[in-house]
Amino acid sequence: MPKRILIVDDEPNIVLSLEFLMKKNGYDVETATDGEQALTAVDRQRPDLVLLDVMMPRKDGYQVCQTLRENADYANMRIVMLTAKGRDVEREKGLSLGADDYITKPFSTQDVVDKVGELLGDRS
Amino acid sequence: MPEWLIIITPFLYLGLLFAIAYAADKRADSGHSLVNNPYVYTLSIAVYCTAWTFYGSVGRAAEDGVSFLTIYLGPTLMAILWWLVLRKMIRIAKQHRITSIADLIASRYGKSMLLGGLATFIAVVGITPYIALQLKAVSASFEVLLTFPDGVESAAGMTGLIADKAFWVACLLAVFTILFGTRNIDATERLEGMVVAVAFESIVKLLAFLAVGFFVTFMLFEGPGDIVGRIQAQEDMRELLAFRDTASGYGSWLALTLLSMAAIMFLPRQFQVTVVENVNEDHLRTAAWLFPLYLLLINVFVLPIALAGMLYFGDGTVNPDNFVLALPLAEGNELLAMFVYLGGFSAATGMVIVATIALAIMVSNDLVMPALLRMRHLPVIERVGLRRLIIYLRRIIIVAIVMLGYAYFRLIAETYALVSIGLISFVAVAQFAPAILLGMYWKGASRPGALTGLVLGFAVWLYTLMLPSLADPGWLPMAPMEDGPFGIGFLTPYALFGLDDMDPITHALFWSMLANVGGVVLVSLLTRQSDMERIQATLFVDVFLRSEQDTRFWQGNATIGDVEALLARFVGEERAAEALATYVPLGDEAPEASSRQAPPELVNHAERLLSGTIGSASARVMVASIVKGEALTFEGVMEILDATSRAIEYSQQLEQKSRQLEQATSELRAANERLKELDQLKDEFVSMVSHELRTPLTSIRAFGEILMNNPDMEEPQRREFLEVVVRESERLTRLINQVLDLSKIESGWGEWQLRTLDLSAVVDEAAAATSQLFSERNVKLDLQLPDGPCPVKGDGDRLIQLVINLLSNAVKFTEPGQGPVTVQLRTVGSWQELRVTDSGPGVPDHELERIFDKFHQINDQQAGKPKGSGLGLAICKRIADLHWGAIHAENSGSAGASFIVRLPEAGGDHCDVN
């Protein structure tokens, strides 16, 4: 059974590109365009990994990450933060809130695929 | 009225006065001084109102109508200036221990004995007629009370000395003056008892005059209207109510007003009560309004009484000077007559006592003492001691002065009206004005100048007023008075140099002042001042700049023993010991130390103490006699003064510097905070820009790589992805342009082209530029522009950009096919108002202000909605701000959001730049 990935970003074109990439690599993909949608989506069906943008309307990525990590059920769910703000502070903040990895925009598509594969434990 | 009652009453009254003075002195000794009170101070100044006021004003009013008022207008005008002029005089007098007006002049001009003596001489000669006038008034009132209505006053000159009441009045006053003025052995103390007694007398004379005024005006007649009405009915009296309109009339009004302004300041007795007896400068504040009020009250019934007297007695039978007494007597009101008699007696005795004491102090300090000191080894000094000698001297002088007044009275007073005699004295004391006033405000006024001025002024006074007053009653030949000496017409005393259209007083004042002021100014300009003069001139003129302690003149080459002996001789052992205890350093008080050198402070203090006892000029001579070596030069004193003031200035500068430093520090702190804030803002801006740039870049790179790695992609998908790349590239370009725009705008309007523009043309251009956008989204643009131009001052390109931003915003948030977008332009007051309304979802209320922040995106806008750079509105706001305008957003209900821009009308007040 393919692993499930939730892509959360308020930029439709970025969602579109990531969705294409993940599907191509054989994952099941679901999308959300803001923090609240993301939480709903996670509750509805738990993904194995969340690609989570930081700057989003309604609830930003940090808040979503924190909420998810507070729930023990989601303890082994992987979270990868995506951000266009490339400063070290943001990276630290994301990791300390419980994110597994951190990707800076603009990203190399290969990097994203590699990181996701690594975190999900399959070499594809 | 029985004669014994008329004689005994003044005695009783004087006894009461003396009891008051005695009690006041006792209270002062026990520390409850009555004179530290502005009301007592003001009432004591009212010693200005003498028997002349009491009887003479009515006399003058009967002759001349309202012109009697000038004598009271002058002091009232002067009272306005008291805080400026009199306060300075008081401060000077306190610092230099000035004891009299002659002492003031002497001290100012280098502690000159000659000037002090001259001023004293002028004062004695000038005031003698004034004292005579009081004697005349008292004896006349006595006669009236005794003989009315049977006899006319007997001519004083014809009775023998023993039978002459005025002689006994003079003796009585001399005795009481001695009691008031020299009761204390210590001559330096203020005469507190005298001041309180004089204040009491001022109340008595005011009440007496008001009583008779009320009686005459409201009981004898039916109020002032009645009196004036009856006067109007009589042809020959009507002009009394009018102000004289001849040229000399106005001239004499002015002259009399000026004279009385000088009198209130420079009459020796006024100087005594206002300056020497002043204990607190703040009392002047009360006196400055209360004293004019007193004058008003004591004058309010003068005219009614004068007119009533003329109506009542017809003309000629009663001397108008006696109306105040004669009216109640004629009505049989003896009690009131007695009260009036006492009031007049009060007025006369107050003046005689204070004036005589003031003159006696001057004569003893400035005439007799210098002569005595020259004969230092006179046996009498050794026998009685100097302090006792001063007291005895003053007593003799008092008797002499009063008798001099009596002599003048016997000589001429019968032929002159009260007012005329008083005015002669006024002109004499006015001679002090130039030397004192110039001396207080002009450092250049010199001793020879003051001397010349005083001598010339006094000489002119003697010639134009005193001599004729002696000639009138036949004591001098009349011919030179009328035709000029030796028949030289232009030397005629009343018409000097042919100036014959003035009355004698105005004439004398004019010539004496011309000579006096001219003498002071010209000679001062032509002569050099001695060191002592320059020191005193500086200390006087700059009196408010320095404290008493600053004034040091002696390089201390005197021994402590010498100073002690000198002080003991003049001020007593007790005060000498006090002075030594204060100024001699501990350990030096032992008897064997008396040969050591006295500290300069002690020497200077000794001089000040002596000044208070024997006058400043004598004090200087005495101190000089024990100080071996030179007094400081002007430069020396100025150096000491400057050192002190430099130290003060330096510490003030230090304080100022430290205040400035504190201020600079806090300014720096604020600037630093602001910089930090700006730095943070800039940091955030850079971070925001980087975020906004990275977002489209992310899509471009991602799709680029996808397209590259997936060559076998299906055509529609490939095309879709390429379109994304293109769109995002466009977005990137737009963003970069806007960031550049913003930074250009942020830097201000340095490169802007400021012109007067028609805002509706700007809107038209912006509409044309965005027409493509509108037609693409099928949204209608509704322009509602006024017919006329809407001039604004600004940069065309920026304003067009502003409107384009608003229009594209509006069209972006309007659903395709919906609409319209409305643009309204109108003039509101001096503002041009542009309103762009869309039919979109509107702006949440809490976002209305924040949408103008850079990169601010409304959070809950639905996904998929078109997004801008987040800079469009920030740019709009910046442009509006830089055009002295404002922008804000509001929700227009169903219609969507409105963005309103207000710009000032060109040429209006709101434009800062031309």
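The values are calculated or read from the model by the stated rules, or taken from the named source; none is laboratory data. Model, not experiment: these values are computed from the prediction. Because the Cβ atoms are built from the backbone with ideal geometry, glycine has one as well, and the counts that use them run over all protein chains shown.
Of everything in region B:590-629 that is surrounded by fewer than 24 Cβ atoms within 10 Å (Cβ to Cβ) and of a type in the set (Ser, Thr, Tyr), the residue that is modelled with the lowest pLDDT is B:SER594. Apart from one condition, B:ILE640 fits all of (1) assigned to a helix (DSSP H, G or I); (2) at pLDDT 60 or above; the exception is (2). When you look at B:GLU705, is it at the interface with chain A (Cβ under 10 Å from one of its Cβ atoms), among the acidic types (Asp, Glu) and without any contact (Cβ under 8 Å) to a residue 40 or more places away in the chain, yes or no? The answer is yes for B:GLU705.
If you check B:ARG718 against the conditions, is it in a helix (DSSP H, G or I) and within 8 Å of chain A (Cβ to nearest Cβ)? No: the conditions fail for B:ARG718. Taken over region A:84-106, the criterion of being over 24 Å from B:GLU705 (Cβ atoms), within 13 Å of another protein chain (Cβ to nearest Cβ) and among the aliphatic types (A, V, I, L, M) is satisfied by A:VAL89 alone. For B:TYR494, the test of being crowded, with 16+ Cβ neighbours inside 10 Å, at pLDDT 85 or above and farther than 30 Å from B:PHE544 by Cβ is failed. Could you say whether any residue in region B:678-698 is hydrophobic (A, V, I, L, M, F, W, C), surrounded by fewer than 10 Cβ atoms within 10 Å (Cβ to Cβ) and either within 12 Å of chain A (Cβ to nearest Cβ) or under 22 Å from A:ASP53 (Cβ atoms) (or both)? The answer is no, given that none of the residues of region B:678-698 is hydrophobic (A, V, I, L, M, F, W, C), surrounded by fewer than 10 Cβ atoms within 10 Å (Cβ to Cβ) and either within 12 Å of chain A (Cβ to nearest Cβ) or under 22 Å from A:ASP53 (Cβ atoms) (or both). Within region B:152-183, the set of residues being out of contact with any helix residue (DSSP H, G or I) (no Cβ under 8 Å at 6 or more places or on another chain) and either closer than 19 Å to B:TRP52 by Cβ or at pLDDT below 80 (or both) comprises B:VAL152, B:MET158, B:THR159, B:GLY160, B:ILE162, B:ALA163.
Considering every residue within region B:435-452, establish whether at least one is within 25 Å of B:THR53 (Cα to Cα), in a helix (DSSP H, G or I) and among the aromatic types (Phe, Trp, Tyr).
Within region B:435-452, none of the residues are within 25 Å of B:THR53 (Cα to Cα), in a helix (DSSP H, G or I) and among the aromatic types (Phe, Trp, Tyr).
Taking helices (runs of 4 or more DSSP H) as the structural unit, those lying wholly within region B:293-412 and holding at least 1 residues that are modelled with pLDDT of 90 or more and either within 25 Å of B:ILE71 (Cα to Cα) or out of contact with any Gly (no Cβ under 8 Å at 6 or more places or on another chain) (or both) correspond to B:334-362, B:386-411.
Confirm whether B:VAL35 is outside the structural domain of B:GLY615 (by TED's automatic domain parsing), crowded, with 19+ Cβ neighbours inside 10 Å and farther than 30 Å from B:ALA445 by Cβ. Criteria met by B:VAL35. For region A:15-34, filtering for residues that are more than 10 Å from chain B (Cβ to nearest Cβ) and of a type in the set (Gly, Ala, Ser) leaves 1. B:LYS111 meets the conditions (1) of a type in the set (Lys, Arg); (2) farther than 15 Å from B:PHE266 by Cα; (3) assigned to a helix (DSSP H, G or I) in every case but one. The failed one is (3). All of B:ALA348, B:ALA371, B:ALA308 fail the test of being surrounded by 24 or more Cβ atoms within 10 Å (Cβ to Cβ), more than 40 Å from the chain's Cα centre (by Cα) and small (Gly, Ala, Ser), apart from B:ALA308. The residue that is farthest from A:TYR102 (Cα to Cα), among those in region A:41-50 that are in a helix (DSSP H, G or I) and more than 14 Å from chain B (Cβ to nearest Cβ), is A:ARG44.
Would you mind stating whether B:GLY59 is assigned to a helix (DSSP H, G or I), more than 34 Å from the chain's Cα centre (by Cα) and on the phi > 0 side of the Ramachandran plot? For B:GLY59, the condition - assigned to a helix (DSSP H, G or I), more than 34 Å from the chain's Cα centre (by Cα) and on the phi > 0 side of the Ramachandran plot - is not met. Which residue out of A:VAL29, A:VAL50, A:VAL15 is β-branched (Val, Ile, Thr) and in contact (Cβ under 8 Å) with a residue 40 or more places away in the chain? Being β-branched (Val, Ile, Thr) and in contact (Cβ under 8 Å) with a residue 40 or more places away in the chain holds for just one of A:VAL29, A:VAL50, A:VAL15, which is A:VAL50. Among the residues in region A:62-76, are any within 24 Å of B:VAL725 (Cα to Cα), within 13 Å of chain B (Cβ to nearest Cβ) and under 15 Å from the mean Cα position of the chain (by Cα)? No, every residue in region A:62-76 fails to be within 24 Å of B:VAL725 (Cα to Cα), within 13 Å of chain B (Cβ to nearest Cβ) and under 15 Å from the mean Cα position of the chain (by Cα). Determine if region B:41-59 includes at least one residue that is modelled with pLDDT of 85 or more and in contact with a His (Cβ under 6 Å, 6 or more places away or on another chain). Scanning region B:41-59 turns up at least one residue that is modelled with pLDDT of 85 or more and in contact with a His (Cβ under 6 Å, 6 or more places away or on another chain).
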